[in-house]
Structure formats: C-alpha cells, structure tokens
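*Asks:* This is the structure, below, for whatever I ask next.
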Amino acid sequence: MHEQLRNRLRQARVRRNLTQAELATLADVSRKTINTVENGVFIPSTVLALRLARALGTSVEALFQLPE
Amino acid sequence: MDTRSPVEIADRLSRKRAILIAGTAVAFVVAQFLATLAHTGQPALWTWCWSMLLLLLMATGGGLLHQTKIRALMNDEVARDHHRTAVGAGFWAAMVAGLVFYWVPGLDRYSARAAIQLIVTLGVITALLVFAYLELRAHRDA
C-alpha cells in the first residue's frame, strides 16, 4: 500500500456487490487497473479517481484520503 | 461469436501480450548469444530486423489489429505508466552499456556497428522485460 495515500476502493466495491471486472466495465478501465489501485500499487490520476468515484456513486474523498 | 465483455477480452489479451513480450525478448537474447558464439563478424541482418521488430512492439504496445475499444483498455493508464517506467529503464540500460563500451579496456576490438547493435539490444530488451514484469505483476490476483 502506498504510504502517501489511503484508499477504500475495495471496500466501496464490495459494499456494492461488484466484482473487479464489473467495476472496470462501469469505469471504462481494465481489471488490472482496478486491481493495482485497490492494492495500492498504482496511484490513480485525478481523471481516473473521478471516474471510479462516479462509477461507485460516491466522492473521490470517500475513496482516497491522505493520512493525517 | 465472442460473448465476453471488452474488459475480459482486453484483460486476456494484455496478459498474453506480457507473456509474449517476455518470451520474445528472452528468445532474442538466447538467439543472439548463440550467434555471438558462432562469431560471424558483423552483426547479422536478422538480429537487426528482430531488434527493430521488438522496438516497434515497445513503441506501439502491440494489439494494432484489435478494436479501438479493446486497444484503449489494453493501453490504459496503468499500462501507459508501466510503458513509461520500462522505457526509462531501457534508456538507463543503454546508457550504462554505452559507458561500459567506452571505458572498459579490451572492448575496443568490437566494431562501432557491433557496439551500437549491442547497446540498442540491451536498451530494448531491458525495456521489454521491465514492461512484461510490471504487467504480469499487475495482473496477479486480478
């Protein structure tokens, strides 16, 4: 997990009963992208973060936070 | 008719692409090593052609025959980030190879063409292997 970014993407996806592939289809990205963001391997761009938030019906801040 | 979604198709193709890239790069290194052992003097034309083919693969990301939608998914933000990292690694590998050729005594017996070919090869192979590694790692557990 990246130290400078906390993300709740996996929790938000699971809460909506979506698989990685289903979220990938909704956000128009690859499943690999969902996987790497969830695992904290990849820090998404602003555009990708907004797309993920829109696909999950939430805000970017609810998905990604800086540590206090 | 293929009933899979574009995401599933792109996922499968990008995994296959990573394996193909790694396999082709390793096969190229082995073939070139065997050719060097045979020592034919100047680098053979086929090694140049293979190098250029690999360079083209690295530049385009492959998948040119697939639909725009599938290609866009294969070359999305993560793949482009991996590509940038891989090209950077290839650049540094080529720089190091160039410096080694310039400074290490005894290597001046190689012709300029042979040295350039080795430097290009090292750069391309490093970039391809780094790209393949990053892609396969990203696919893990996906």
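The values are calculated or read from the model by the stated rules, or taken from the named source; none is laboratory data. These numbers were taken from a predicted model, which means no experiment stands behind them. All Cβ positions, even for glycine, are placed from backbone atoms using ideal geometry, and neighbour counts span all protein chains on display.
*Asks:* Does the range B:27-46 hold any residues that are at pLDDT 75 or above and in contact with a helix residue (DSSP H, G or I) (Cβ under 8 Å, 6 or more places away or on another chain), and which are they?
*Replies:* B:28, B:29, B:31, B:32
*Asks:* May I ask you to list the residues in the range B:123-142 that are farther than 30 Å from residue A:10 by Cα and surrounded by fewer than 20 Cβ atoms within 10 Å (Cβ to Cβ)?
*Replies:* Correct list: empty.
*Asks:* Does the range B:95-109 include one or more residues that are touching a Phe, Trp or Tyr at 6+ places or on another chain (Cβ under 9 Å) and surrounded by fewer than 16 Cβ atoms within 10 Å (Cβ to Cβ)?
*Replies:* yes
*Asks:* Also, I was wondering about something else. Can you name the residue in the range B:68-88 that is surrounded by fewer than 19 Cβ atoms within 10 Å (Cβ to Cβ) and more than 14 Å from chain A (Cβ to nearest Cβ) and is also nearest to the chain's Cα centre (by Cα) among such residues?
*Replies:* B:87
*Asks:* For the list (1) closer than 26 Å to residue B:61 by Cβ; (2) surrounded by 15 or more Cβ atoms within 10 Å (Cβ to Cβ); (3) touching a residue at least 12 places away in the same chain (Cβ under 8 Å), I need the number of the one condition that residue B:114 fails.
*Replies:* Here residue B:114 clears every test but (1).
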